[in-house]
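Notes follow the structure.
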Amino acid sequence: MKITLVRHGQTEFNFNNILQGLSNNQLNDTGRRQCQKLRNQLKDVNFSFCYMSPLIRTVETAFILVGDRVETFPDKRLIERDMGNLEGKPRSEYDVKKYWDYKLNSSDLGVEPIQNIFLRCQDFLDYVMKKHANDEHLLIVSHGSPIRVLHHLLHHSNVYGDLLDVDIINCYCETIEVSVDEYSEIDV
């Protein structure tokens, strides 16, 4: 099976370095152009299905990428990290290392603990691995936090290692091959 992970295009919150978490923002013009550029890069890829977060910025990204050519499924497990009291605040107020420390698992200021994101993303992967076959190619459109977590789960990274070692920019795209028969969940 091939899984292509895509982070949504840019929003005004992204442009202004504001934490958006569960804010339901749409793409800005730059974000739409980013998605159109990625669509051109993926035009020859035949996706079997598309899973996406139900927030508007990911739905808009998915529809720019695949339109009505691929059946799409919103899935709440792919929603962005709840930023709690940091929602709408400048990114400079967010201690990235603290909130991405798996062992610490901080929920200070109401921020969703990192282990929760790993658990819901692992649950999502378990679901798609049971539902889909090796010859299928899935498109998954989500947000920075779930895409980073899915990247680490699919690469079987050490959750106690550096979880910030991959830069998940707007319209980040990565394709990973996974054998459904050999897939095993990691211990999260």
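Would you point out the residue of the range 3-22, among those that are of a type outside the set (A, V, I, L, M) and in contact with a Leu (Cβ under 8 Å, 6 or more places away or on another chain), that is nearest to M52 (Cα to Cα)?
Checking each candidate, the answer is H8.
Could you look through the range 106-157, keep only residues that are assigned to a loop (DSSP other than H, G, I, E, B) and of a type in the set (D, E), and pick out the one that is nearest to the chain's Cα centre (by Cα)?
E112
Which of the residues belonging to the range 26-37 are under 16 Å from V66 (Cβ atoms) and touching a residue at least 40 places away in the same chain (Cβ under 8 Å)?
Across the range 26-37, the qualifying residues are Q34, C35, K37.
If the Cβ limit is 8 Å and pairs must be 6+ apart or interchain, which residue in the range 38-54 that is more than 14 Å from R69 (Cβ to Cβ) pairs with which residue that is among the acidic types (D, E) and modelled with pLDDT of 95 or more?
Short answer, once both residue conditions are applied: Y51/D75; M52/D75; S53/D75; S53/E80; P54/D75.
Considering only residues that are in contact with a helix residue (DSSP H, G or I) (Cβ under 7 Å, 6 or more places away or on another chain) and closer than 17 Å to K76 by Cβ, look in the range 113-137 and name the one that is surrounded by the fewest Cβ atoms within 10 Å (Cβ to Cβ).
D123
Does the range 146-163 include one or more residues that are over 24 Å from K43 (Cα atoms), touching a Lys or Arg at 6+ places or on another chain (Cβ under 8 Å) and small (G, A, S)?
Within the range 146-163, not a single residue is over 24 Å from K43 (Cα atoms), touching a Lys or Arg at 6+ places or on another chain (Cβ under 8 Å) and small (G, A, S).
The values are calculated or read from the model by the stated rules, or taken from the named source; none is laboratory data. What you are looking at is a predicted structure, and each value in this text was computed from that prediction instead of being measured. Because the Cβ atoms are built from the backbone with ideal geometry, glycine has one as well, and the counts that use them run over all protein chains shown.
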